[in-house]
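Only one structure is covered here, and it is reproduced in the block below.
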Amino acid sequence: MKRSICLIGFMGSGKTTIGQKLAEALGYRWVDMDQYIEAQEGCTIVEIFKQHGEAYFRRLEYKYLKELVASPPMIISTGGGAITTPENISILQEQYTFYLSYPFEVLYKRIAGDEKRPLATNYEEILQRYQSRQEFYKIASYKCIDCLDQRVEQVVDEIISILKKEDFSEMENSSLHDLKRN
Ligand code: S3P
């Protein structure tokens with residue numbers, strides 16, 4: 001049964017901003033996975049990578065994603081690499097998962113030099129990660145949203161209109177019917 005609404009996509013694709021707006025529009029709880037992990041672990045993503053490495057971070061990501069989807073439905077903004085763990089792909093396939101897709105160059109401009117993102121290293125490495133992840137974003141998602149040249153509000157509206165076409169009754173207290181947007 002599909003439960004939560006998950007946003008996936010590469011670093012810089014706006015998962016946090018769009019997740020927040022979507023939650024406001026639908027009246028659901030919103031959780032940003034990176035922020036959640038930092039709060040639960042009491043340290044930053046940068047520190048986790050530095051002290052324990054990427055594999056350890058991926059295990060945490062899996063642990064908390066599993067925990068969150070077992071809770072009442074919510075909006076989850078995942079980290080860009082969540083789809084690199086096969087178990088996460090299985091979880092995401094059971095949710096309403098939207099892939100926020102952008103061309104590489106747009107994302108690169110947004111994330112280059114961001115010190116809060118340990119994997120935003122150099123052009124070639126980021127490009128390689130972007131390319132190798134594309135098929136996994138597609139496999140894990142229910143719908144791919146082409147976000148290029150779209151404002152945040154337009155992306156949010158597109159996701160809502162897709163959800164409206166679905167049988168959303170399984171999401172109790174769904175406020176989709178009450179939405180004034182059409
Ligand atoms: C990562 C993306 C980050 C964060 C971590 C690893 C990745 O999240 O989870 O730095 O592997 O792409 P954002 O996509 O929110 O930047």
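The values are calculated or read from the model by the stated rules, or taken from the named source; none is laboratory data. Everything quoted here is computed from the prediction, not taken from an experiment. Note that each Cβ is placed from the backbone with ideal geometry, even for glycine, and that neighbours are counted across all protein chains shown.
Look at Gly113 and say whether it is among the small types (Gly, Ala, Ser) and within 12 Å of the ligand (Cβ to nearest atom). No, not satisfied. Within region 110-123, the residues that satisfy the criterion of being surrounded by 14 or more Cβ atoms within 10 Å (Cβ to Cβ) and assigned to a helix (DSSP H, G or I) are Arg110, Ile111.
crowded, with 19+ Cβ neighbours inside 10 Å and either away from the ligand (no atom under 15 Å from the Cβ) or outside any loop (DSSP other than H, G, I, E, B) (or both): is that true of Tyr137 in this structure? When the stated conditions are applied, Tyr137 passes them.
Could you tell me whether Leu119 is modelled with pLDDT under 95 and of a type in the set (A, V, I, L, M)? Answer is yes for this residue.
On the stretch given as region 84-128, residues that are charged (D, E, K, R) and over 22 Å from Lys63 (Cβ atoms) total 7. The number of residues in region 38-55 being near the ligand (Cβ under 10 Å from one of its atoms) and in contact with a Cys (Cβ under 9 Å, 6 or more places away or on another chain) comes to 0.
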